[in-house]
Amino acid sequence: MTFAEGTVDTAVGSRRYRLVWPPEFPLRPPVTWELSADGADVIDHRAHGYTFRDLSLCLFAHDPRQGWRPEYTAGEALDRLVAYLEQEAHGEFPRIEDIPLTTDFIRVSVPLSIAAALRQGGGWGILTVRGRKDGRLLRVMSVDGTSPSPIITRPLEADLEAPWVAALGLDHPRQGLWCRINKTVEQVPSSRHRLEGWIRQQLPNEHARQLFMAQALILLVLNDGLRFVLIKAGTTPDTNPEERLIYVEPFEENLEERIFRRVDDRLGGVGGLQRAQVAIVGVGSLGSSVAVVLAKAGVSKFVLLDPELLDPENVARHVGGVDEICLPKVEVVSRAIHRINPAAEVVQVQAALSLDPVGWGKDPTQHLIEVTRHPLGIIVCATATTEAESVVNHLCVIHACPGIFTAVLGRAEHGRVFRVLPGVTPCYQCVLNAQYAEPGRFPRFDRVDMGVPAYQQQGLPGLGMDVEQVALITARMTLQTLGERSEGELDYPKAHGDHLIWSNHGGWAVDGPLQTRVELIPRDRACPVCGIGNELPLSLEEEKELAALQVDRLKRS
Ligand SMILES: [Zn+2]
């Protein structure tokens with residue numbers, strides 16, 4: 001360990017110091033202590049809050065204009081030490097005790113939707129809070145209900161000045177208790193002596209009261225606001241507990257608006273996408289990436305269908321992480337969407353789409369029918385299984401709802417994205433018919449393994465990147481289709497076709513790798529799903545249903 005000891009002259013007398021160079025020097029400054037005159041003791045400056053836990057002095061602010069720079073030397077640290085000691089002697093540092101108990105300049109930024117969820121939550125639980133390294137951010141890492149109330153895992157944030165991070169003891173992660181109290185902010189006792197007893201009274205059971213006694217940091221979730229309360233913590237929370245209490249004012253904001261205004265500054269367009277409802281059938285590697293890209297574009301209503309759980313071998317190509325293994329894929333993708341937009345509405349349907357009857361009220365197609373009835377509804381089918389694709393095709397054609405069919409084929413060598421606009425483009429069945437008539441034209445029929453989805457086969461390392469590229473084309477086609485339906489609100493340049501074939505190597509589907517080819521396929525007049533050439537006479541019930549649908553469609557347009 002490299003260190004130096006010596007004395008410096010200050011306006012308030014000669015002072016002894018010790019500097020220790022950390023292993024990270026020069027990226028980090030020397031650690032600096034003031035010593036007693038004989039060098040035997042470290043002088044304690046904790047009363048001012050500009051001190052680290054090891055009693056070394058905080059000489060360099062995190063502000064880049066005043067902070068430490070790698071080109072500085074120990075001389076800079078000594079200059080700062082002199083200034084620190086002189087300022088302190090002149091009373092220029094606020095003492096922790098002098099910080100007012102109530103303040104209105106600290107604001108907790110809480111998305112409206114989360115604040116509402118917190119207030120409805122009831123009960124109580126544990127939370128973890130940590131000040132960001134630069135000392136400006138307070139973050140509730142997770143709020144896990146240990147009572148039967150809902151588990152809230154979304155972050156709350158607050159801008160905090162460095163002295164407050166020190167005062168709240170948040171330079172290290174800190175556990176606390178949150179509790180929902182059916183009172184208003186005004187009803188909270190202003191006296192810190194009465195407050196402790198008051199909170200204990202409000203807690204629903206003995207377990208919560210025990211936890212309350214063990215925790216110093218309390219988040220009160222009140223009817224009309226949030227309050228952070230710090231109890232029994234002072235300048236030296238570990239050794240010298242001193243009763244203290246600090247309020248932090250909540251500041252609710254429309255986080256969703258800020259997310260999208262910041263990136264695109266065109267909330268009008270995003271507004272159109274926020275109204276849209278996108279169903280994604282199959283949220284494996286391909287479908288999950290489509291969902292995340294659409295969420296980033298501003299789509300905020302999703303219906304996700306998938307029967308599977310996330311397996312370890314999925315992680316390399318899926319948006320899910322190791323900590324989500326064994327969770328349903330629909331939940332994993334829902335989390336990924338909420339990480340981007342906490343206010344997104346996601347319906348999770350952990351089921352496969354199949355032609356087998358599953359019983360009244362349990363049929364997952366019900367959720368898709370809801371989407372087809374939505375004026376800006378669209379179904380993305382990313383299962384690459386003929387059965388699910390066929391079900392989606394029928395739903396789209398019957399309910400006049402656009403559908404996007406996407407698949408990565410072979411060892412992710414090829415991707416196919418095509419859309420079905422009922423009455424305009426060929427439907428999925430028309431495309432199948434064209435494939436049967438001319439197999440060499442389509443990757444799926446070119447080789448035996450082409451019909452097997454890429455994620456069921458071994459491939460090159462990094463195969464997930466090819467999946468991502470097809471996912472991007474799919475998401476883009478989805479946005480373009482929503483744009484065309486939103487009456488000019490969103491004006492995406494159009495792909496020059498409805499059927500795109502992508503390849504990661506040239507010489508077959510396209511002349512070079514990483515290109516997309518447009519395949520023009522005519523509508524099949526004799527198609528049993530969308531064709532008009534071989535219509536069977538309808539039964540009376542079917543006639544009625546069709547008439548109702550047409551009225552419904554007229555109302556929409
Ligand atoms: Zn058809």
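Read the figures in this text as sums done on the coordinates, not as results from a lab. Quick caveat: nothing in here was measured; it's all calculated off a predicted structure. Note: ideal-geometry Cβ built from the backbone for every residue, glycine included; neighbour counts use all protein chains shown.
Sparse packing (at most 16 other Cβ atoms within 10 Å of the Cβ) combined with a DSSP loop state is found for the following GluC sites (Glu not before Pro) in the stretch 290-362: E308.
Quick note on the stretch 285-406: its Rg to Rh ratio, both from C-alpha atoms and Rh being the Kirkwood radius, is 0.95.
For the stretch 1-54, the set of chymotrypsin sites (Phe, Trp or Tyr not before Pro) satisfying both a DSSP loop assignment and a count of at most 16 other C-beta atoms within 10 Å is given as F52. May I ask you to list the residues of the stretch 391-412 whose amide nitrogen lies under 15 Å from a point 7 Å from Cα along the Cα→beta-carbon direction of E438? Within reach of a label on E438, which here means backbone N under 15 Å from a point 7 Å along Cα→Cβ, the stretch 391-412 contributes nothing.
As an exercise, find the ratio Rg/Rh for the stretch 349-426 from alpha-carbon atoms, using the Kirkwood inverse-distance average for Rh. We get a ratio of 0.99 for the stretch 349-426. An ellipsoid equivalent to the stretch 271-532, defined through the eigenvalues of its Cα gyration tensor, has semi-axes of 25, 23, 19 Å when rounded to whole angstrom and sorted largest first. Spherically averaged projected area of the convex hull of Cα atoms, the stretch 2-93: 6.0 nm². Whole-Hz Karplus values for the stretch 278-291 come out as 10, 9, 10, 9, x, 10, x, 4, 6, x, 5, 5, 4, 4 Hz, taken residue by residue from phi with 6.51 cos²θ - 1.76 cosθ + 1.60 and θ = phi - 60°; glycine and proline positions read x.
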